[in-house]
Structures are given as structure tokens and as C-alpha cells.
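In what follows, a structure is listed as C-alpha cells, so that the remarks can point back to it.
The values are calculated or read from the model by the stated rules, or taken from the named source; none is laboratory data. A quick note: this is a predicted structure, and the numbers were derived from the prediction, not measured. Glycine gets a Cβ as well: all are built from the backbone with ideal geometry, and neighbour counts include every protein chain shown.
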Amino acid sequence: MSRPLLSLRGLAKHYGTVRALDGVDLDVSEGAVFGFLGPNGAGKTTAIRILAGLARPTRGEVRLDGRDLLRDRTRAALGFRALVEVPAFHPGLTGLENLLVFTRLARAPASDATALLERLGLAHAAERAVGGYSLGMRQRLGIAQA
């Protein structure tokens with residue numbers, strides 16, 4: 001069995017006496033699509049905030065592609081993307097135009113934007129204004145942007 005791409009071991013985050021996370025262990029394989037699901041207060045957002053470097057855990061280990069995400073934040077974060085809630089896009093621009101803004105910022109070729117729209121099932125709506133996109137379509141555009 002190969003090494004997991006993302007690995008959490010004993011991850012905990014306490015806010016005073018509140019235990020938002022308490023000893024979470026998780027492995028995610030390369031190529032897997034993964035989401036945190038659970039009721040309000042289950043620790044989903046806290047876990048994502050730790051993975052994104054926006055919060056420090058009380059204890060535990062996080063590895064991304066074998067790198068310690070908590071100690072080597074800059075290098076490890078290069079491989080991490082997260083979509084939390086609904087991303088914001090300019091409603092008057094098309095899906096392709098919105099995505100091209102981000103590809104230019106990342107100095108990526110424009111063809112990457114087109115390929116991502118195709119891969120996420122948005123090619124048919126690439127020339128439509130994002131203001132007319134459904135919630136699910138905006139979320140998929142957010143995944144492409146990430």
C-alpha cells in the first residue's frame with residue numbers, strides 16, 4: 001500500500017474546555033476526492049482551518065505528501081487547496097473570464113482554464129455569466145479556481 005497523500009494523526013484543537021477536535025486520525029489517498037461531513041459543531045471547519053494554516057492544533061500531526069504541514073507550512077501548502085462555503089466571483093463575467101483571472105495570477109496558461117471547465121462539467125456554461133450559475137455550478141467553478 002502506498003503512502004497517503006494527506007495524513008492526520010491524533011489531531012486535536014481545544015478552545016478552553018471545548019474540544020473542537022479530539023484525536024482525529026485520517027488518511028486520504030492521492031487522487032481521492034474528500035469532504036468533511038457532519039453536524040454543526042462537529043469540527044469540520046476547525047479541521048479545514050488547520051489544514052489551510054489558519055489555525056494551529058493543540059496537538060497532533062498533519063502530513064501532506066510526506067511533509068509536516070505544521071512545521072514546513074510554506075512548502076507543504078503549495079499542494080493544498082480548499083473550498084470552504086461558496087466562493088465569490090464577479091457575477092457579470094462568464095465562468096471562463098472569472099477563471100482566466102486566476103490563471104493569469106498563477107501565471108498558468110489559458111488552456112488550463114478551459115481544461116478545468118471541461119473536467120468539472122462546466123464547459124457548456126463557460127460563456128454564460130456566473131450570476132446565472134446555480135449554487136452547485138459556482139462551487140464547481142470554485143474547485144476549478146482552487
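Selection of first residues in the range 14-27 that are surrounded by 14 or more Cβ atoms within 10 Å (Cβ to Cβ) and of second residues that are at pLDDT below 95 and among the polar types (S, T, N, Q), restricted to Cβ pairs under 7 Å at least 6 apart or on distinct chains, gives the following pairs, ordered by first then second residue: Ala20/Thr46; Leu21/Thr46; Asp27/Ser7.
For the range 10-31, a residue qualifies if it is at pLDDT 85 or above and either outside the structural domain of Asp65 (by TED's automatic domain parsing) or of a type in the set (Gly, Ala, Ser) (or both), and the qualifying residues are Gly10, Ala12, Gly16, Ala20, Gly23, Ser29.
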